[in-house]
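The values are calculated or read from the model by the stated rules, or taken from the named source; none is laboratory data. All values reported here derive from a predicted model rather than from experimental measurement. Glycine gets a Cβ as well: all are built from the backbone with ideal geometry, and neighbour counts include every protein chain shown.
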Amino acid sequence: MNSNLENGQDIFCGSITLSTENFNEIRKSTTSSVSILNIPWNMKVSETDKKLNLKLSCNENLANTMWNCKADVEIYVKPILDGKIEYSKIEKVLDDQKTFDYKNKYMEVSIGVDQLLEGLEAEKLDNHHFEVEVNLKLKRIYGYRKRKVLDYTVEHPRFSNGVIVIDERKIYVNKQILAMHSKYFYNLFFGDFNEKGKSTVEIHGVSYEVFVTFLDFIHPTGRRIDSSFVEGLMEVADLFMADRVMEYCEEFLIKTETVEKAQKMIWAEKYSLHNLMNDCLHTFKSVKSLLELKKSDLYFDISDEIKSSLLERAVQLHKEKHAPSNATSSVYMF
């Protein structure tokens, strides 16, 4: 399927921001990613021989050869001294349109560190790092079925009957659809609240982008959950008491390998995701695999309740390992 994408819709755009402050101490590199229309993009920043090396990849691990993607790519490098961005030295190192496919999954740019720091006060250079920002806008894709995209910024006479205001931006919604999926909005629109009967309601405590993502999962858009936004989606699903959206998140977390197991258990406890917690516990097949969890950076964020469940799993594994065989059991029985 070959699709030309319309300009001006955020769903076709994405950005990645990395900081050299987060460099791995051994490899002097850092990576981050974003998913746009289910197409994964990865950015790696490294430093070698006083050069900042930027490597952008599209569909890096895809085996399928029947795809291509044309995108506008902008890359900015921002020197940061003593925690402040040196705006006068922001360097636009790339502004280009590139077609990615199975033979051309990467694009690389290198720039000298001395060039980026030229003209800055020498005494401040000992405490510097760089922020790299990548802006992507998809122009055309082939090999991906274009999912339905709803524009919530436009009023649809046959569909919209309410307005949600977040961060002073209007979002046109259908009250009945919201109420069907969310107990919060059912009570807000049809319960004994002051907002009942009002066409415009202002919501606080949630960002515009996260709320639009939430709307995509209560409408038939075909959008898939991604690890880059699953946490925010769970937060609003919990806030708005949208059980089915929370189930979508749980189903995704059970299947995905892109989220660390310790993080999954922390979220499972926070949002009472029983199936996710049970799945995590049963992925431990030995006491040794349980002990490996201690190496996680998130281990000290795990609650005593989770550790109690892990201990119980260890007891189960010990019993399974030392349980008598069927043959031996038969001897005992007879």
**Prompt:** Is one or more of the residues making up the stretch 32-48 surrounded by 13 or more Cβ atoms within 10 Å (Cβ to Cβ), assigned by TED's automatic domain parsing to the domain that holds F12, over 18 Å from S15 (Cα atoms) and more than 25 Å from the chain's Cα centre (by Cα)?
**Reply:** yes
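Each row is one residue, and each column tells you yes or no for (1) in a strand (DSSP E or B); (2) modelled with pLDDT of 90 or more; (3) under 29 Å from F252 (Cα atoms); (4) touching a Ser or Thr at 6+ places or on another chain (Cβ under 6 Å).
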{"site": "K44", "(1), (2), (3), (4)": "yes, yes, yes, yes"}
{"site": "N53", "(1), (2), (3), (4)": "yes, yes, no, yes"}
{"site": "L56", "(1), (2), (3), (4)": "yes, yes, yes, no"}
{"site": "E60", "(1), (2), (3), (4)": "no, yes, yes, no"}
{"site": "K70", "(1), (2), (3), (4)": "yes, yes, yes, yes"}
{"site": "V73", "(1), (2), (3), (4)": "yes, yes, no, no"}
{"site": "K78", "(1), (2), (3), (4)": "yes, yes, no, no"}
{"site": "L94", "(1), (2), (3), (4)": "yes, yes, no, no"}
{"site": "K98", "(1), (2), (3), (4)": "yes, yes, no, no"}
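Scan E118, E60 and give me the residue that is surrounded by fewer than 11 Cβ atoms within 10 Å (Cβ to Cβ) and over 16 Å from S19 (Cβ atoms).
Values: E60 fails: surrounded by fewer than 11 Cβ atoms within 10 Å (Cβ to Cβ).
Matching residue, one of E118, E60: E118.
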**Prompt:** So which residues in the stretch 244-282 are within 26 Å of H219 (Cα to Cα) and not in a helix (DSSP H, G or I), if there are any at all?
**Reply:** T256, T258, V259, Y271, S272, L273
**Message:** Restricting to the stretch 223-249, name every residue that is among the small types (G, A, S) and more than 17 Å from the chain's Cα centre (by Cα).
**Reply:** A242
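Return the residue satisfying two criteria in turn: it lies in the stretch 220-232 and is touching a residue at least 40 places away in the same chain (Cβ under 8 Å) and surrounded by fewer than 18 Cβ atoms within 10 Å (Cβ to Cβ), and of such residues it is nearest to I177 (Cα to Cα).
If we filter the stretch 220-232 for residues that are touching a residue at least 40 places away in the same chain (Cβ under 8 Å), which is where we start, we get 220-224, 226, 228.
Then keep just the ones that are surrounded by fewer than 18 Cβ atoms within 10 Å (Cβ to Cβ); that gives 220-222, 224, 228.
Values: P220: 11, T221: 14, G222: 16, R224: 19, S228: 26 Å.
Among residues in the stretch 220-232 that are touching a residue at least 40 places away in the same chain (Cβ under 8 Å) and surrounded by fewer than 18 Cβ atoms within 10 Å (Cβ to Cβ), the one nearest to I177 (Cα to Cα) is P220.
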